[in-house]
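Q: To start, I am sharing the structure in question, which I have written as structure tokens.
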């Protein structure tokens, strides 16, 4: 504990430049940034675009520097459409003299240019997914129009080259999971330390009452594969609540049955209540890590997850959840039916205890240890 206090004290004295892709809402990446803001109260944030009022008070109170993307038309609703400009935009940010640049990156933040002699650590959610592993999920024939596909076909190679070249600016990579450490190794040829993202287990509690619904909490983006949960619950006649919004919302509503309800975004308190009373949480995508399953476990509820990606590092078959191996609606239906056969065997206290292994205090301590060791 004394060592932790010493590390925290050192972090509080550091002047750190925090680089984050964009500040448009509170999701898993922003939960990590929030902890960075707590660890480094003297920090300043550099980002492509900041929609004020969408972040937690901890983040909103920090000085924020935006790129020229902020001045582009309809940026608050369509900032992702400016993807080809993001490399130049992140490089245009003039980072003031500091002790450390700490980027939290899933797109271009790791390409920020640090002042001369200042070390750059990247907390990497993933190499740029839009041009690597999930390109077809965003720009395939069923996902984008012909004009968008043609435009991305022209710039994809350039974006990939920039993504690889700019990785050389990073002194040390920290990956959010072994799954992402492998992706960093494949795309950048770099090794990385793994520090799992934080789960605020204190925000969640076990309920004595369990409802009749399954639950999804997710941005409604194509790669999240919420469509599998919608189709499976329609086929089985099960009730499903979906928390979230996104570009896939209209398509999902079109294929939903009468038992599927779309709730939009909810407050932290409302989401915690929904977690605590669901039959099980459904996690159908291949995720880089996946904080939401651990939030469900912190609420004492089991998880039904696709058995690939970060879920393999957080969900324990038969103890905290059930996997399905084929990423199809039929595969998920089978897993739901298996879950219902053993539903009473999951112990809420054991589920919560497992989630506490990923608690925010552990993340905070490991980041503090890593940074203080790096800056000496």
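The values are calculated or read from the model by the stated rules, or taken from the named source; none is laboratory data. All of these numbers come straight from a predicted model, not from anything done at the bench. Ideal geometry is used to build each Cβ from the backbone, glycine not excepted, and the neighbour counts take in all protein chains shown.
Q: Would you check if residue 345 is at pLDDT below 95, out of contact with any helix residue (DSSP H, G or I) (no Cβ under 7 Å at 6 or more places or on another chain), at negative phi and surrounded by fewer than 17 Cβ atoms within 10 Å (Cβ to Cβ)?
A: Yes, satisfied.
Q: If I filter the range 161-199 down to residues being modelled with pLDDT of 95 or more and assigned to a strand (DSSP E or B), which single residue comes out as surrounded by the fewest Cβ atoms within 10 Å (Cβ to Cβ)?
A: Once the filter is applied, the top-ranked residue is 193.
Q: Please pick out the residue among 260, 226 that is surrounded by 18 or more Cβ atoms within 10 Å (Cβ to Cβ), without any contact (Cβ under 8 Å) to a residue 40 or more places away in the chain and touching a strand residue (DSSP E or B) at 6+ places or on another chain (Cβ under 7 Å). If you could, list the steps in order and put the result at the bottom.
A: Working: 226 fails: without any contact (Cβ under 8 Å) to a residue 40 or more places away in the chain.
After applying the criteria, what remains is 260.
To keep it simple, each residue is scored yes or no on (1) surrounded by fewer than 19 Cβ atoms within 10 Å (Cβ to Cβ); (2) at pLDDT below 95; (3) under 21 Å from residue 199 (Cα atoms).
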| site | (1), (2), (3) |
| --- | --- |
| 14 | yes, no, no |
| 27 | yes, yes, yes |
| 66 | yes, no, no |
| 90 | no, no, no |
